[in-house]
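The values are calculated or read from the model by the stated rules, or taken from the named source; none is laboratory data. A quick note: this is a predicted structure, and the numbers were derived from the prediction, not measured. All Cβ positions, even for glycine, are placed from backbone atoms using ideal geometry, and neighbour counts span all protein chains on display. Each accessible area value is taken on the protein alone, full model and side chains, heavy atoms only, with ligands, DNA and RNA left out. Shrake-Rupley method; radii C 1.70, N 1.55, O 1.52, S 1.80 Å.
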Amino acid sequence: RLIPFTDGFSAKNLTTYQLDKIIAQMVEKGYAPKTISNSISLLSAAYEDAIRTDLLEHNPCSNVTMPKRKKKEIHTFTEAEVWAFVGALQNERIDYKVGYELCLLCGMRRSEVLGLRASDVDLVNKCVSISTTRHLVDGKTVEQDTKTERSRRTLALPDILVDDIKELFSE
């Protein structure tokens, strides 16, 4: 993504000033701030590797001015909307109902719900442990550990969900 904007600059002689101009051109062309940030991060990593191996002495990416990212406004359900949604699930298959309730009432991600095993659910202590995720990649199901340690967690289960999970397990 950066090459069209380098205008013959060599990596060895690239300056922070030149990178700032490249970033400004990318903004002008409509590149998203995240895209620009990812591109500069990749370039910076290459410079750091060149410095580590004594090919270069400085990283011009260190002091660039990155474009500001716009914070997306998060829209969440009101309590009334949550309970209306839960009510609308009453006629759904129990596995769908439990999956949606885990997302809605516990804040779980779809991949975390799909990665759950019966052994991850503790109905006595009313909690669920998240340690794996399941995704569809190139038409194949892939199960893996959570992406970060912080994603590994144990969540409390509301009573309504405990009852629905018992019903699911009884089938």
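In the stretch 1-43, which residue that is β-branched (Val, Ile, Thr) and touching a residue at least 40 places away in the same chain (Cβ under 8 Å) is surrounded by the most Cβ atoms within 10 Å (Cβ to Cβ)? Give the derivation first.
Step one: filter the stretch 1-43 for residues β-branched (Val, Ile, Thr), giving 3, 6, 15-16, 22-23, 27, 35-36, 40.
Those still in the list that are touching a residue at least 40 places away in the same chain (Cβ under 8 Å) too: 15-16, 23, 27.
Values: Thr15: 12, Thr16: 15, Ile23: 22, Val27: 14.
In this case the residue turns out to be Ile23.
Quick one: in the stretch 56-66, which of the residues that are in contact with a helix residue (DSSP H, G or I) (Cβ under 6 Å, 6 or more places away or on another chain) and assigned to a helix (DSSP H, G or I) is most open to solvent (accessible area, probe 1.4 Å)? Reasoning before the result, please.
The first filter runs over the stretch 56-66 and keeps only residues in contact with a helix residue (DSSP H, G or I) (Cβ under 6 Å, 6 or more places away or on another chain), leaving 56, 59-61, 63-66.
Now drop any that are not assigned to a helix (DSSP H, G or I), which leaves 60-61, 63.
On the way: Pro60: 1, Cys61: 12, Asn63: 119 Å².
The extreme case among them is Asn63.
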Do we have any residue at all in the stretch 94-112 that's within 16 Å of the chain's Cα centre (by Cα), open to solvent by less than 80 Å² (accessible area, probe 1.4 Å) and of a type in the set (Val, Ile, Thr)? no
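Quick one: how many residues across the stretch 120-161 are among the basic types (Lys, Arg) and either touching a Cys at 6+ places or on another chain (Cβ under 6 Å) or not in a strand (DSSP E or B) (or both)?
Matching residues across the stretch 120-161 total 4.
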Looking only at the stretch 44-55, filter to residues that are in a helix (DSSP H, G or I) and open to solvent by 40 Å² or more (accessible area, probe 1.4 Å); which one of those is farthest from Pro67 (Cα to Cα)? Arg52
Quick check on my filter: what residues within the stretch 67-93 are surrounded by 11 or more Cβ atoms within 10 Å (Cβ to Cβ), more than 23 Å from the chain's Cα centre (by Cα) and assigned to a loop (DSSP other than H, G, I, E, B)? Glu92, Arg93
What is the number of the single condition among (1) under 19 Å from the mean Cα position of the chain (by Cα); (2) open to solvent by 40 Å² or more (accessible area, probe 1.4 Å); (3) under 21 Å from Phe77 (Cβ atoms) that Pro158 does not meet? (1)
